[in-house]
Amino acid sequence: MLKKIILILLLIVNNNCSYKPILATKNYDFRIVNINFQGEEYINKEIEKKLLQNNNGDKEYNLNLFSRKEIKVISSNTKGDPTKYSLKVTMEYEIIYDGSIILRNDIERQAIYNNVDDKFELSQKEENILENISSELSNEILMSIINLNNDN
């Protein structure tokens, strides 16, 4: 009975809370007009999809993005076959407002994963990791723009 009461109280408290995730709200008061890409095409397309979903404001920003992907073998078995890989993505970006670069930043994300015998499954695993990393990178770029927008 006590557990039910505590559960009900927690539900009431959480419903009255005004918590909203920042990136979940799509009502930003800025828009990204132009994105110039260099580097890894898959990463760039994933980031572009995420960033262009949020175009509905008055302030207009341009972005220059340069991405690099690096896959390294970090451990091997006794035969010399790879057992673990490291996938590192580096993103350099510039936020441009009214023709001036207002922020230049570098972001680096890394994931370590095990090798699998099936090469198709390995490529799918790498693609999922790249998709997750690209999502993190686009969120960080969005947060930078939000912070810049709130400071002005």
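Could you please give the count of residues in segment 98-131 that are open to solvent by 40 Å² or more (accessible area, probe 1.4 Å) and part of a strand (DSSP E or B)?
The total comes to 12.
Kindly provide the set of residues from segment 50-74 that are in a strand (DSSP E or B) and more than 18 Å from Asn36 (Cβ to Cβ), ordered by number.
Within segment 50-74, Lys59, Lys69, Glu70, Ile71, Lys72, Val73, Ile74 qualify.
Just to verify a result, which residue in segment 58-92, among those that are open to solvent by 10 Å² or more (accessible area, probe 1.4 Å) and touching a residue at least 60 places away in the same chain (Cβ under 8 Å), is nearest to Asn105 (Cα to Cα)?
Among them, the one singled out is Lys69.
Going by the conditions given, is Ser134 open to solvent by less than 30 Å² (accessible area, probe 1.4 Å), touching a Lys or Arg at 6+ places or on another chain (Cβ under 8 Å) and of a type in the set (S, T, N, Q)?
Taking the combined requirement at face value, the residue satisfies it.
Do we have any residue at all in segment 103-115 that's among the small types (Gly, Ala, Ser) and either under 14 Å from Leu63 (Cβ atoms) or free of Cβ contacts under 8 Å to residues at least 12 places away in the same chain (or both)?
No: segment 103-115 contains no residue that is among the small types (Gly, Ala, Ser) and either under 14 Å from Leu63 (Cβ atoms) or free of Cβ contacts under 8 Å to residues at least 12 places away in the same chain (or both).
The values are calculated or read from the model by the stated rules, or taken from the named source; none is laboratory data. It should be emphasised that the depicted structure is a prediction, and the values quoted were computed from it without experimental measurement. Don't worry about glycine lacking a Cβ; one is built from the backbone with ideal geometry, like all the others, and counts go over all protein chains shown. For the accessible areas, the whole protein counts, side chains as well, though only heavy atoms, and no ligand, DNA or RNA atoms are used. Shrake-Rupley method; radii C 1.70, N 1.55, O 1.52, S 1.80 Å.
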